[in-house]
C-alpha cells in the first residue's frame, strides 16, 4: 500500500487510498492538504453492516467526506439532518423505498433538478454504506434544466450599472459591491462572506479562507476599488446577506433587466476581458477559483455581447473612476 501522504498533481493535492485509487483533497494549499489528509482515512471504510442505524452510517459518511469541498459537506449534513428529522435515528433497513421517495419529493419540491440530483446522490451513497440487499434510493436522476444563457457586459452597460449604484438613495455598500465584483470576478457567495479581517486595505489584497471549491485564495484588488468598500458592520461584515431585491432594482434602474444579464455577468465580464488580453487558461482558472479547467472553458465559450473594454482591468477602473468623479 502506498504511504498516505498528500502529493501535488496539476496544481491540486491528492492522496492514495487503500484501494490504490487517487483521491483529490480539493485544495491547492499544502498546509490545508496536510490537514485534510490527517482527517481522511486512507480509503473508504467498509459498509456499516445490515441493521446499522442512521447515526452510525452518517458517521462513516462524514469521515469519508473529510477531504471534499465545503459545499459537499454542507449538502451531506443537510441530507443527514433531514433524514433524522423525517425518520429518526432508526435502522436504515426499516426505511421503505416508497416512504423515502415520497418524503424526498416533498423535501425537494422547490429545488431545481440539479439540486435534487445532488441530494439524491448523497442519499444513495449513505444507503449504500448500510449494506442493504437493495438500495432504496432507486429512482433515476432527473435531466438537468437547460442552463440559462449568461453574457458579459459592455463598457457602456457597466457604466450604466455603476451610475445606478451610486445614485442618491442607494445603500452605501452597493457601489463597492458592484465595483469589487467587476474588478475581481469574485463569486456572489464569496463577496457576501467577506469580513473586514479578510481585506488588507493597505496592500489591496483579499484572503478567501474558503471558497466554493474549498480552497484558500488570495486576490489582488486595485486600491481604487478598495477605497469604494464600505465600513464593516458591528459583526465585521462588509455586505448584507440578502441583496437580491436591491440587485434586481439596480438592474431595472440601469435598464439591464434582460435575458442573459445577472450577477454572474460581472464575473463573465472579468473572465472574457482576461481571455481577450491573452491570459493563459491556467492563470484564468486560478483567477476565477475554478477546480476544473472544464468550468473555465465553459466561461470562454459563453456567447454574448462583445466587450468594448480594451482588455485590461485598468480600463474597468477607468470606468469606475469616471463614474465616481461625477
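No value in this document is a laboratory result; all are computed from the given coordinates. Predicted model only: the values in this text are computed from it and were never measured. Glycine also receives a Cβ, built like all others from the backbone with ideal geometry; neighbour counts cover every protein chain displayed.
Some values worked out for this structure:
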{"quantity": "The range 200-254: C-alpha gyration tensor shape, a/c 1.5 cut-off, then a/b vs b/c", "calculated": "prolate"}
{"quantity": "Projected label distance in nm at residue 198 and residue 31, using a 7 Å step from Cα toward the beta-carbon", "calculated": "1.7"}
{"quantity": "Using a Förster distance of 25 Å, the FRET efficiency for residue 298-residue 245 (Cβ separation, nearest 0.05)", "calculated": "0.30"}
{"quantity": "Separation in nanometres of the label points that stand 7 Å from Cα toward Cβ, at residue 106 and residue 140", "calculated": "2.7"}
{"quantity": "Whether the range 48-146 is rounded, prolate or oblate, judged on the alpha carbon gyration tensor where a/c under 1.5 counts as rounded", "calculated": "oblate"}
{"quantity": "Alpha carbon centroid spacing (whole Å) that separates the range 106-144 from the range 276-291", "calculated": "34"}
{"quantity": "Sorted by Cβ density within 10 Å, fewest first, the residues 256, 158, 92", "calculated": "256, 92, 158"}
{"quantity": "Neighbour-count order for 69, 265, 24, fewest beta carbons within 10 angstrom listed first", "calculated": "24, 69, 265"}
